[in-house]
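Down below is the structure, laid out as C-alpha cells.
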Amino acid sequence: MEEDDKVEEEKSVGSPDVVNKYKTAAEIADKAIAAVSAKVAAGVDVVSLCALGDSVITESTAGVYNKARTEKGDKIDKGVAFPTCVSVNNCVCHFSPMSDDTTVLKDGDIISIDLGCHIDGYIALAARSVVVGNEELTGKAADALMAAYVAGEAVLRALRPGKTNYDVTEIINRAALDFGVEVVEGSLSHQMKRYVIDGNKVSP
C-alpha cells in the first residue's frame, strides 16, 4: 500500500471501527509490556527481553482481524508498530539492540520498556519503568522515578481541549522541580496519525 493511499483512507476516532482497532492494539501492547516486565531480573540480557516483546505482539496480532479487509479488498496490516526497547539507567529511551549485544541487567537497575502495536495502521504505544530486584530504591534515582510518575499522571489529567504545549511542559517542569531533578533536554511528545508515530505536531 502506498503512503498516499494510507493517508487518504485515514478515519477519525468518531468511527467505531477505528476505536476498536485502537483498543485491540492497546490491549496487545499492554499484554506485551506485562510479559516483558515479568521476565525482568538480574542476569537477564536485554536482547532476549526485546525479542520477547516483539514476539508477543506478532503472535497476538496474528489471531485478530484475519477476516477484515481494506476498502480495496486487501488484508489489513497489523503487528509491531515500534520495536520493543529496554533502556537501562541513563539510556533515556529506544534501546533496541542488535542480536549480538551483551547488555545484561543487574539488581538496582532502572529500566524503561517501550513498544508499539498497530492494527490497520492505528497505533498504540505503551511504556513502563521497572526496577530490577527487590531492593528499595532511594536517593536521586527514587526522586527521578517519582517525578516521572507524578508528571505523567498530572499531564494525563490536563489533556483536554484548550490546553497548550506550554501548559503541558510547565506541568512536567513543576513535577521535576518538586523532586529536585531535571527534565531530559530534547525530549518531545509527538502527535500520532495513522501509520505515523512521530507526527509534525510536537510538545517539548
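Looking across the stretch 113-141 at every residue that is within 16 Å of SER37 (Cβ to Cβ) and polar (S, T, N, Q), the one that is least open to solvent (accessible area, probe 1.4 Å) is identified as SER129.
Give the residues of the stretch 165-191 that are aliphatic (A, V, I, L, M) and open to solvent by 80 Å² or more (accessible area, probe 1.4 Å), sorted by residue number.
Across the stretch 165-191, the qualifying residues are LEU177, LEU188.
Scanning the stretch 88-111 for residues that are open to solvent by less than 30 Å² (accessible area, probe 1.4 Å) and either free of Cβ contacts under 8 Å to residues at least 12 places away in the same chain or within 15 Å of the chain's Cα centre (by Cα) (or both) gives a single hit, ILE111.
When every residue of the stretch 42-54 is checked against the conditions, at least one turns out to be within 18 Å of ARG128 (Cα to Cα) and without any contact (Cβ under 8 Å) to a residue 24 or more places away in the chain.
For the condition in contact (Cβ under 8 Å) with a residue 24 or more places away in the chain, aliphatic (A, V, I, L, M) and either out of contact with any strand residue (DSSP E or B) (no Cβ under 7 Å at 6 or more places or on another chain) or closer than 19 Å to VAL88 by Cβ (or both), what is the one hit in VAL181, VAL131, VAL168, VAL155? Walk me through it before giving the result.
On the way: VAL131 fails: in contact (Cβ under 8 Å) with a residue 24 or more places away in the chain; VAL168 fails: either out of contact with any strand residue (DSSP E or B) (no Cβ under 7 Å at 6 or more places or on another chain) or closer than 19 Å to VAL88 by Cβ (or both); VAL155 fails: in contact (Cβ under 8 Å) with a residue 24 or more places away in the chain.
Only one candidate passes the filter, namely VAL181.
Please indicate, with yes or no, whether at least one residue in the stretch 20-27 is modelled with pLDDT of 95 or more and more than 18 Å from the chain's Cα centre (by Cα). Give the derivation first.
Taking the stretch 20-27 as the starting set, the residues that turn out to be modelled with pLDDT of 95 or more are 20-27.
Those still in the list that are more than 18 Å from the chain's Cα centre (by Cα) too: 20.
There is at least one residue in the stretch 20-27 that is modelled with pLDDT of 95 or more and more than 18 Å from the chain's Cα centre (by Cα).
For the stretch 184-204, a residue qualifies if it is part of a loop (DSSP other than H, G, I, E, B), in contact with a strand residue (DSSP E or B) (Cβ under 8 Å, 6 or more places away or on another chain) and among the β-branched types (Val, Ile, Thr), and exactly one does: ILE197.
Selection of the stretch 142-164 for residues being among the charged types (D, E, K, R) and open to solvent by less than 90 Å² (accessible area, probe 1.4 Å) yields ASP143, GLU153. Looking only at the stretch 58-80, filter to residues that are at pLDDT 95 or above, closer than 21 Å to ASP17 by Cβ and hydrophobic (A, V, I, L, M, F, W, C); which one of those is surrounded by the fewest Cβ atoms within 10 Å (Cβ to Cβ)? Taking the candidates together, the pick is ALA62. Just one of the numbered conditions (1) hydrophobic (A, V, I, L, M, F, W, C); (2) farther than 25 Å from VAL56 by Cβ; (3) in contact (Cβ under 8 Å) with a residue 40 or more places away in the chain is not true of ILE197: (2).
Outside any helix (DSSP H, G or I) and within 30 Å of LYS21 (Cα to Cα): which single residue out of ALA126, ALA148, ALA154 fits that description? Quick ask: steps written out before the conclusion?
Numbers: ALA148 fails: outside any helix (DSSP H, G or I); ALA154 fails: outside any helix (DSSP H, G or I).
Selected residue: ALA126, the only one of ALA126, ALA148, ALA154 that is outside any helix (DSSP H, G or I) and within 30 Å of LYS21 (Cα to Cα).
The values are calculated or read from the model by the stated rules, or taken from the named source; none is laboratory data. No experiment lies behind these values; they were computed from the predicted model shown. We place every Cβ from the backbone using ideal geometry, glycine too, and count neighbours over all the protein chains shown. Note: accessible area is taken over every heavy atom of the protein model, side chains too, but ligands, DNA and RNA are not part of it. Shrake-Rupley method; radii C 1.70, N 1.55, O 1.52, S 1.80 Å.
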